[in-house]
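Visitor: Sharing a structure with you now.
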Amino acid sequence: MAFPELLDQVGGLGRFQVLQTVALVAPIMWITTQNMLENFSAAVPGHRCWVPLLDNDTTQAGVPEDPGPEALLTISIPLGLDQQPHQCLRFRRPQWQLLGSNATATNWSEADTEPCEDGWVYDRSTFVSTTVTTWDLVCDAQALRPIAQSIYLAGILLGAAVCGLASDRFGRRKVLTWSYLQVAVSGTTVAFIPTFPLYCLFRFLVAFAAAGIMMNTCSLLMEWTSAQAHPLVMTLNAVGFSLGQVLTGAVAYGVRSWRMLQLTFSAPFFLYFAYSWWLPESARWLFTVGKLDQGLQELQRVAAINRKRAEGNTLTMEAVLSAMQEEPSGEQAPTRLGTLLCTPGLRLRTCISMLCWFAFGFTFYGLALNLQALGSNIFLLQVLIGVADLPMKTSSLLLLNRLGRRLSQAGSLVLPGLCILANVLVPHEMAALRSSMAVLGLGSLGTAFTCVTIFSSELFPTVLRMTAVGLGQIAARGGAILGPLVRLLGIHVPWLPLLVYGTVPVLSGLAALLLPETKNLPLPDTIQDIQNQSVKKVTHNKAKSSILKSTRL
C-alpha cells in the first residue's frame, strides 16, 4: 500500500496527530451535549391547572375567610390516580364540601371538572423554564414532546445519509467545517425561537449537522494516523462522547433556563468553525480522487508540524507518482452507493457492519431511555452515566490490540445480549442482581460503540469509507428510533421486550465473526485493495494448509 508508506515518512503518530485529536475531540464533547440536551431543556416539571382562588390575587381577596393554600388546592383541583393534585383537570366551581370533616376525595363527579382552560402553573424549583413550560407541552399536547425528539433523531438519520455521500464527493474537512457552522447558527437560533414548529425545524438542522461532525471526525482521525494508532485515537474519540455526557449534566445543573442552556451548548461551535480552517484535508482522500498536488501539499504541511521538514521536502510529485503507480486512481474506481451492495467483496461487509450499528443503537437507546424510571436526581444520573461509560470504553483499547477487531466486536455485542437475556430469568425481587446485569450490559455496549466505529472504518476503502460509515449511522439511528417502541410489547408479555433486546445483539455479534480481521492492516484505498486482501488471505490459507499436510506426512 502506497499511502501508509508516505504517511510513515511524514509521521503517522506525532505532534500533528496530537493537535488534531485535541481539535477534533473537543467538538465531539459538545455535540454530545446537543444529543442529550432535551433530557433537561425538555424536562417535564410538576404542574397543575391555573385556578383563580390560588393564582389570582383579586379572587383570593374575595374569599371571606383564608382557609390556607392547601385547602384552596383541595377545593380547586381534583386528585389524580396517584392521589396527588390532577395535572390536567380542575373543578368548574370550588368544591367547598370537600373541606368538611366527613368529606372524602370522592365527593365529586367528573361532571364537576373541566380541562385547564386558563393554562397551567409549573413547579419551577428545579428548572426556571423548559420547552414544556414555554409552549405548554402537557396534557393533550404532551405527545409533541416525543415528536420533537423523533424529529431530532430523524435529522441525524438524514444527515448521516447526506453527509456521508457529500464527504466522499467534496472532502472531509469541507463538510466538517460547514457542519460546525450549521450547528453554531442553528443551535443559537433555537435559543431565540418564538414558536414550537420553528424550534423543531432548527433542532432538525442541528441534528443534521451533528451527523456530519461525528462521521467526519472519525474519518479524519483514521486517515491521518498509522494503522497501529487507530485504536488509540478512536478510543479517545469515544471517550469524548462519555465526557460529553458528564459535561451535559454539570452544565445543566448550573444553567436552569432552557434558552440559556441551548445557547451555552451552541456558542462554542463558532470557535470550532473558526479553527477548522486550520485542519488539513485528508491526503488519503485527495490522492484517491486524483488531487495529487493538494495531497502533496497537505503531506508536506503535516511533516513540518511533526518536525520532519527534511523528509517532507523529499516528497516530490515524482516520488508520489512512483509510490502511487500501482494504485488505480479514484476516477477508475466506482464510488456509487450501489457499489457497496453490488460488489462481492463489499456486500457482506456492508450488511454485517450495518447490522452491528443497528444492534448498538437499538439496544442502547431501548434500555437507556428506561433510566428515567429510576427517579433519581437527573443531573447526577447524567454525570454518573458518563463516568461509568469511561472505563469500559478505555478498556476497549486493550481488547482491540490483544483480541483483534473481529473478536472484540463480537464479544462486545454478545456479552450485553447475554446479560439482558439473563435478566429475563432473574426474579424482580433480586433487584440488586438485575441492576448489576443491566449496568454490565450498558457498559459493554459502550465498548461495542468503540469497536464498531474502528472496525467499520477499516473494512471499507477510502473512496467509499464515508458512504459506508453513513449507512452505519443510518442503521444505528433507525435502531434508536425502533428501540423504545419495543417496550410496548411488554403490555402483552412483560418479559418479551428483554428477550428482543437481548437476542438482537447476540445474533449481530455472532454475525460479526464472518467479517475479516483488520488488525494492523493498512487502510484500503480502493476496491482493488479489498480484492487484493481477499486474494492474499486465500493464498495464505492454502499455504498454511499445505504446510500442515507436509508436516503430517
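The values are calculated or read from the model by the stated rules, or taken from the named source; none is laboratory data. In this text the structure is predicted, and so the values were computed from the model without any measurement. So basically every Cβ, Gly included, is an ideal-geometry build from the backbone, and we count neighbours across all protein chains shown. With ligands, DNA and RNA removed, areas are computed over all heavy atoms of the protein, side chains included. Shrake-Rupley method; radii C 1.70, N 1.55, O 1.52, S 1.80 Å.
Visitor: Test Ala161 against the criterion of being open to solvent by less than 40 Å² (accessible area, probe 1.4 Å), over 24 Å from Ala480 (Cβ atoms) and out of contact with any strand residue (DSSP E or B) (no Cβ under 8 Å at 6 or more places or on another chain), and give yes or no.
Guide: So Ala161 does not fit the description; no.
Visitor: I'd like to check which helices (runs of 4 or more DSSP H) are fully inside the range 230-297 and have at least 3 residues that are open to solvent by less than 10 Å² (accessible area, probe 1.4 Å).
Guide: 230-254, 258-266, 283-288
Visitor: Here's another thing I want to ask about it. Check off (1) within 25 Å of Ile77 (Cα to Cα); (2) at pLDDT below 85 for Trp135 and give me the number that stays unchecked.
Guide: With (1) within 25 Å of Ile77 (Cα to Cα); (2) at pLDDT below 85 applied to Trp135, the lone miss is (2).
Visitor: Can you find a residue that is of a type outside the set (Asp, Glu) and out of contact with any helix residue (DSSP H, G or I) (no Cβ under 6 Å at 6 or more places or on another chain) anywhere in the range 202-211?
Guide: No: zero hits.
Residue-by-condition table, conditions (1) at pLDDT 75 or above; (2) open to solvent by less than 70 Å² (accessible area, probe 1.4 Å); (3) assigned to a helix (DSSP H, G or I):
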| position | (1), (2), (3) |
| --- | --- |
| Gly330 | no, yes, no |
| Leu340 | yes, yes, yes |
| Leu371 | no, yes, yes |
| Leu384 | yes, no, yes |
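Visitor: Could you grab the pairs with beta carbons closer than 6 Å, sequence gap of 6+ or different chains, first residue in the range 399-412 and in contact (Cβ under 8 Å) with a residue 24 or more places away in the chain, second one open to solvent by 10 Å² or more (accessible area, probe 1.4 Å) and assigned to a helix (DSSP H, G or I)?
Guide: Ser408/Leu399
Visitor: To continue, here is another question. For the range 135-184, how many residues meet the condition of being more than 26 Å from Gly295 (Cα to Cα), more than 21 Å from the chain's Cα centre (by Cα) and either in a helix (DSSP H, G or I) or polar (S, T, N, Q) (or both)?
Guide: Here the count works out to 6.
Visitor: Turning to a different aspect of this structure: Are there any pairs with C-beta distances below 8 angstrom linking a residue in the range 250-266 that is free of Cβ contacts under 8 Å to residues at least 60 places away in the same chain to a residue that is assigned to a helix (DSSP H, G or I), with the two at least 6 apart or on different chains, and if so which?
Guide: Pairs found: Val255/Leu261; Val255/Thr264; Thr264/Val251.
Visitor: Moving on. Cβ contacts < 7 Å: first residue among the charged types (D, E, K, R), restricted to the range 343-355; second residue crowded, with 21+ Cβ neighbours inside 10 Å, any location; separation 6+ or different chain. Result?
Guide: Listed pairs, sorted by first residue: Arg349/Leu459; Arg349/Phe460.
Visitor: Hey, can you tell me all the residues within the range 1-35 that are modelled with pLDDT under 85 and assigned to a helix (DSSP H, G or I)?
Guide: Ala2, Phe3, Pro4, Glu5, Leu6, Leu7, Asp8, Gln9, Val10
Visitor: Output the number of the condition that Pro516 fails; it satisfies all remaining conditions of (1) surrounded by fewer than 18 Cβ atoms within 10 Å (Cβ to Cβ); (2) part of a helix (DSSP H, G or I).
Guide: Tallying (1) surrounded by fewer than 18 Cβ atoms within 10 Å (Cβ to Cβ); (2) part of a helix (DSSP H, G or I), Pro516 fails exactly one: (2).
Visitor: Additional query: Could you name every one of the helices (runs of 4 or more DSSP H) located completely within the range 39-105 that has at least 1 residues being at pLDDT below 80 and open to solvent by 70 Å² or more (accessible area, probe 1.4 Å)?
Guide: Counting at least 1 such residues, we get 57-61, 69-76.
Visitor: Separate question: Going residue by residue through the range 433-444, is there one that turns out to be part of a helix (DSSP H, G or I) and under 30 Å from Arg347 (Cβ atoms)?
Guide: Checked against the condition, which is being part of a helix (DSSP H, G or I) and under 30 Å from Arg347 (Cβ atoms), the range 433-444 yields at least one hit.
Visitor: Got a number for residues in the range 1-14 being open to solvent by 50 Å² or more (accessible area, probe 1.4 Å) and either within 29 Å of the chain's Cα centre (by Cα) or small (Gly, Ala, Ser) (or both)?
Guide: Here the count works out to 1.
Visitor: Could you check, for the range 204-213, whether at least one of its residues is in contact with a Leu (Cβ under 8 Å, 6 or more places away or on another chain), assigned to a loop (DSSP other than H, G, I, E, B) and either within 16 Å of Met466 (Cα to Cα) or without any contact (Cβ under 8 Å) to a residue 60 or more places away in the chain (or both)?
Guide: No: zero hits.
Visitor: Can you give me the number of residues within the range 394-410 that are surrounded by fewer than 22 Cβ atoms within 10 Å (Cβ to Cβ) and closer than 16 Å to Ala238 by Cβ?
Guide: 6
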